[in-house]
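What follows is one structure encoded as structure tokens, with my remarks underneath.
Derivation of every value follows stated rules applied to the coordinates shown; laboratory data play no part. Since the model is a prediction, treat every value here as computed from it, not as a measurement. Glycine also receives a Cβ, built like all others from the backbone with ideal geometry; neighbour counts cover every protein chain displayed.
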Amino acid sequence: MSFRQAVRKLCKELANPASLQKPFNSLPNAGKLFELGGHTRTKSRLEILQWIFLSGQAAFIVGTCSSTSMAEDVSTESSSKNATSMDDFSGLLKVEDESVISNEHTSKWRVFTDNGRDYFLKGNIPQAERFFLSALQEAKEGFGERDPHVASACNNLAELYRVSKDFDKAEPLYVEAINILEEYFGVNDVRVGAALHNLGHFYLGQRKLEKARVCYQIKRRVLGEAHTEYADTMYHLGTVLYLQGKEKDAEDLILDSIDILEAGGHGESISCVRRMQYLAQIYNKSNRFPEAENLLRKILHMMELSKGWKSLDTVVIAERLALTLEAAGRLKEAVELLERCFDARKNLLHREHIQTAADMLHIARMKIVITKELPQANNSQAIAELDKAKSLLDDSVRIARKLIVQFLEQKEKTERFGVSPRTRKDGHSAVVILLQSLNALGALEITEQGYLGSQKQEHFKAEANASLRQCISTFQELRSEQSISDSPEVQAEYLLCLQSLYLSISKGAARQAGEEKEIQEEIRRVKGEISNAGKT
């Protein structure tokens, strides 16, 4: 089946609603706040429509949104060479025969469209919908049912429904816009390519990958390799193929997209940098660490020259490079780079920021691992490294506890209205970091036993157990906060604490059968909850 036939098939499916797949209601979370670099790319950022205007006889078409998780740069910088701004329109729009259409309906179309856009950007979706629906009706009456202005109105309304997750209403509007533009301009017109991009973006957001691939493939053919947006289309098609498991084809397309941008003098653009980062992620997931390292070092070099270390963008790239070095087993290099990132971040964010606590935790964990790999003769060096790690973990625990208290106090103050999603997310992250830090403290104390005499070993074992019990009591204190305690991530950390404590006391000289049994029962209960949550 040709790609054109595939699109026609999509149109036929729309005529039979039962054949349509049920859309997903949310995008997968691709990052966690408390992970290195997590603050720069959140999935909760506000979706902002880009109003792309296409010149010639067509009216304007609302462009794509900037926050789809699978394709980070989603055409934020690209548009047709002939694109113009809204201010360039005087209210009367020329059509193909150079005549002028001006009547009551066309005037209302313009007013309703502007009002719909204004309300949309203010977040007033219901009012924006009313104006966009009216604009669609006025476009049909003023310009004719199959006029490009109608395609524009369809696309505006489809974008609104997409953002408000009313996918069943959005899809047929996108397809209708494409059909109108194909009839009016022909199937190989650039405006058809832009509309196909919007539909592909819509499918990509719902993980309807095959449909997205078809749209991007046709857009690629429509634009041709000489078009300025060709590289952009190759990148989006590459991300779809990667999600479909076609890694080699995806990699080739993304590499070609980067090469085209670099050849055109855009190698240091935001778009090109993001594509290189995406490719580095592909390499890391495939355990191709040298290739990922080369790309990230290239990006870091550009960041250091353009922004320096006083920019969080530079810090985030350096942290990603450090994680790649860590995955490759080059722990000392990774720690040195992470410590530089930590020092830079302290100057950019306040010292008690949640991300600072996460950095401390990560560096401490790596120091513990490095210590275990030291020769037994280096006791003094090992103890010095463990002391540094303990200091970092103590600070991480302190910061996380403080942030949890702030979260609970704010929740109590706003009990009537509830806390914001951002505040709740910060509270969740603080709990995870606290549990992880306490668990790491327990592991540190156990590691330190091996470098000390038998008399001190029991002391450090007691300290380790105390840290693990704090981890358990913290979870139990927050059990009433179900949005946090029911989180699989929080439960996983709680389970790890339980298992570590059980292992420790079961090997102790003074075993307590009652406590062992209680912990065993709690371990079984938590495992059951995690298993049941995974099935739903």
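A Förster distance of 22 Å, applied to the separation of the beta-carbon atoms of Glu521 and Asp486, puts the FRET efficiency at 0.70.
Only the Cβ atoms of Lys and Arg (+1) and of Asp and Glu (-1) were treated as charged; on that basis the dipole of segment 289-386 about its Cα centre amounts to roughly 140 debye. Which FRET efficiency value, to the nearest 0.05, do you get for Arg221 and Lys411 by plugging their Cβ-Cβ distance into 1/(1 + (r/R0)^6) with R0 = 35 Å? So the FRET efficiency works out to roughly 0.05. If you take the beta carbon distance between Ser531 and Asp259 as r and set R0 to 51 Å, what does 1/(1 + (r/R0)^6) give as a FRET efficiency, to the nearest 0.05? That gives a FRET efficiency of 0.60. Which of rounded, prolate, oblate describes segment 351-535, given a ≥ b ≥ c as roots of the alpha-carbon gyration tensor eigenvalues and a/c under 1.5 marking rounded, otherwise prolate only if a/b is larger than b/c? Oblate, since a/c reaches 1.5 and b/c is not below a/b.
Annotation: peptides 191-199, 297-305, ranked by per-residue average of other Cβ atoms within 10 Å with the highest first, follow the order 191-199, 297-305.
Going from the residue with the fewest nearby Cβ atoms within 10 Å to the one with the most, Glu141, Glu183, Glu229 rank Glu183, Glu141, Glu229.
Using the average count of surrounding beta-carbon atoms within 10 Å as a protection proxy, the listed peptides 311-323, 109-121, 520-532 rank, highest first, as 311-323, 109-121, 520-532. Placing pseudo-labels 7 Å out from each Cα toward the beta carbon at Ser420 and Leu121 gives an inter-label distance of 2.1 nm.
Roughly how big is segment 211-363's charge dipole about its Cα centre, with Cβ charges of +1 (Lys, Arg) and -1 (Asp, Glu), in debye to the nearest 20? About 380 debye.
Each of Ala533, Ser473, Gln520 was scored by the projection of its Cα onto the charge dipole of segment 351-535, and the greatest displacement toward the positive side belongs to Ala533; charges sit on the C-beta of Lys, Arg, Asp and Glu. Which of the three applies to segment 241-350, rounded, prolate or oblate, going by the alpha-carbon gyration tensor with a ≥ b ≥ c and a/c under 1.5 meaning rounded? It is oblate, given that a/c is not under 1.5 and a/b is not larger than b/c. Footprinting exposure proxy ranking of Asp147, Asp232, Asp256, fewest other C-beta atoms within 10 angstrom first, gives Asp256, Asp147, Asp232.
Charges were assigned to the Cβ only: +1 to each Lys and Arg, -1 to each Asp and Glu. The resulting dipole of segment 351-535 about its Cα centre is roughly 220 debye. Spin-label pair Lys388-Lys310: with each label point 7 Å from Cα along the Cα-Cβ axis, the two points sit 2.8 nm from one another.
When the listed pairs Lys219/Lys248; Lys211/Lys285; Lys298/Lys372; Lys165/Lys527; Lys165/Lys211; Lys248/Lys285 are checked against a 23 Å cut-off, the alpha-carbon distance exceeds it for Lys211/Lys285; Lys298/Lys372; Lys165/Lys527.
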